[in-house]
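Asker: Structure provided below as structure tokens; questions to follow.
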Amino acid sequence: LTSEIAELGYELASLEDKRNYIRQRLAELSLRSPIAGVVTTWQLKNSIDQKPVKWGEDLASVADEKGEWQLSFKVPEYRIGYILEAREAQDEPLEIQFFFESDPEFRMNTTIVEIGSVTRLDSELGPVVMVKCDVPEAIASEDGFTKRHGSRVLANVSCGKKTRLVAWTKEWFDSVRRFLVW
């Protein structure tokens, strides 16, 4: 009986170790957000269920609806030069007018806060650079503004005035250069 008790004690300790190991692995599998907020990723369970995950991959988007809102949009890499050139030429931040594609009547003005330093590959636009703008509290509280996570935004960045001939010539030259990969 004493040997059975000792054997069961070892078995119990082994099972306890297994249970702690499984609990630790389950804790590693849980998603934790660095901020409190609302998950804005559409159909999150379907998009990450049984999906292999790479280190550093974005799994979900979380938005803090009580905090400041920020507008971020993608600028094709071949057009970012105009924005960078205009930013260098001005002392003030670049003006931007934007609107949601779903509500083109309601336009808002703000300024660029940050221009990304990394080019990313987008499935629709090709190489893009992220540009971020703050949505001023006065705009965010207006009646016509509805907070829409992940909405498609169209923006018009004020890069200064040029004649149409200069703008079209530069645009044509950039297009030819892109297609010839020069």
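The values are calculated or read from the model by the stated rules, or taken from the named source; none is laboratory data. All values reported here derive from a predicted model rather than from experimental measurement. Note: ideal-geometry Cβ built from the backbone for every residue, glycine included; neighbour counts use all protein chains shown. SASA here: full protein model, heavy atoms, side chains in, ligands and nucleic acids out. Shrake-Rupley method; radii C 1.70, N 1.55, O 1.52, S 1.80 Å.
Asker: Quick check on region 131-182: of everything there that is polar (S, T, N, Q) and modelled with pLDDT of 65 or more, which residue is nearest to the chain's Cα centre (by Cα)?
Answerer: Here the answer is SER151.
Asker: While we're here: For the structure I just gave you, tell me whether VAL113 is surrounded by 10 or more Cβ atoms within 10 Å (Cβ to Cβ), out of contact with any His (no Cβ under 6 Å at 6 or more places or on another chain), among the β-branched types (Val, Ile, Thr) and closer than 26 Å to VAL153 by Cα.
Answerer: Yes: the conditions hold for VAL113.
Asker: Also, I was wondering about something else. What helices (runs of 4 or more DSSP H), lying completely within region 1-97, carry at least 3 residues that are at pLDDT 80 or above and open to solvent by less than 60 Å² (accessible area, probe 1.4 Å)? Let's see the steps before the verdict.
Answerer: On the way: elements: 2-29, 44-48, 77-89.
In region 1-97, the matching helices (runs of 4 or more DSSP H) lie at 2-29, 77-89.
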